[in-house]
Amino acid sequence: MARGLEGRVVIATHNPGKLREMRELLAPYGVEAVSAGELGLPEPDETGTSFAENARIKSEAAARATQLPAFADDSGLTVEALGGDPGIHSARWAAPDKDFARAMRVIEEKLALKGATTPSSRRAAFVSALSVSWPDGHEERFIGRIDGTLVWPPRGSNGFGYDPMFLPNGHDRTFGEMSAGEKHGLPPRGQGLSHRARAFMALAAACLSRA
C-alpha cells in the first residue's frame, strides 16, 4: 500500500521551471513545498541509466540531507528518429548555460541529416519519472508520458526546455503556445495533459489527499 504524503516536502530540483510546475500541481493538496535549490543542497550526480533511476537518486539525496520527504522529477524528450535521444541527457544537450534554443537547433539539425521532414518521421515523446523518498528509505515511483511530433521552427514562448517544438498528438498548438493551465492543469479544470501532470496524477491518487 502506498504511503501518504503530507506536511512539508522537499522538491529535489534546482530548475525554476520544474519548481513552478511542481508547486502548481501541489497547491490543491495543502502541501508546503521547499526546493533543494532554496535549501542550498548540492545537485547529486545523475548516474542512472533511466529517468526512474535518476529521479530516485535525486529524491533519496534530498530526503537524507533534510530528513523530510522529498520528491524528484527526472524527465526529458525522446525522439524516435534519433534512437531515443536526447532522453536522459535532455538537459545536458542544453549545456551548462541551459541554452534550449541551441539544443532545439541541434535536434533539428540531426533530424535534417536523417531527412526527417514528415510528421511520421518526427515522432517524439516527453517522459517524466517521479520518485518520492522518505528519510527511512521508503520510496514510491510513478511514470507519465505524452506522445507527439516535433515542429520547426519552434512556436510559442511559454513553458520551458523543448516545449516550443513539441506538438502533442491531437492538438494544434505546441506546449510553448499553451498556458500553464492547459499544459499541466489537473482535472476538473484541466486535462492533465503533460507528462509531468500524468505522473503527478498517479502520485496524487496514491499518496495525496485534497486539502
Asserting the computed 222 nm helical MRE of the chain (DSSP H runs at least 4 long, -39500 (n - 2.57) per run, divided by residue count, to nearest 500) equals -8500 deg cm²/dmol
Contact order relative to length for the stretch 85-211, counting C-alpha pairs under 8 Å separated by 6 or more residues, stands in percent at 19
tail above 25 Å in the computed P(r) of the chain, as % of all Cα-Cα pairs, reads 36
Among beta bridges assigned by DSSP with both residues in the chain, the antiparallel ones amount in percent, to the nearest 5, to 80
Projected convex hull area of the stretch 1-51, Cα atoms, direction-averaged, in nm², equals 4.8
Length-normalised contact order of the stretch 1-132, Cα under 8 Å, at least 6 apart, in percent, tallies to 26
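If you count, for each residue, the other Cβ atoms within 10 Å and average over each peptide, how do 38-44, 132-138, 58-64, 70-76 line up from highest to lowest?
70-76, 58-64, 132-138, 38-44
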Of every Cα-Cα pair in the stretch 88-168, the percentage lying beyond 20 Å is 43
For the chain, the longest principal axis of the Cα atoms and the Cα long axis of helix 16-26 enclose an angle in degrees, to the nearest 10, of 60
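Values quoted throughout were computed directly from the atomic coordinates according to the rules given, and no laboratory measurement underlies them. Remember, it's a predicted structure, so these values are computed and weren't measured experimentally. So basically every Cβ, Gly included, is an ideal-geometry build from the backbone, and we count neighbours across all protein chains shown.
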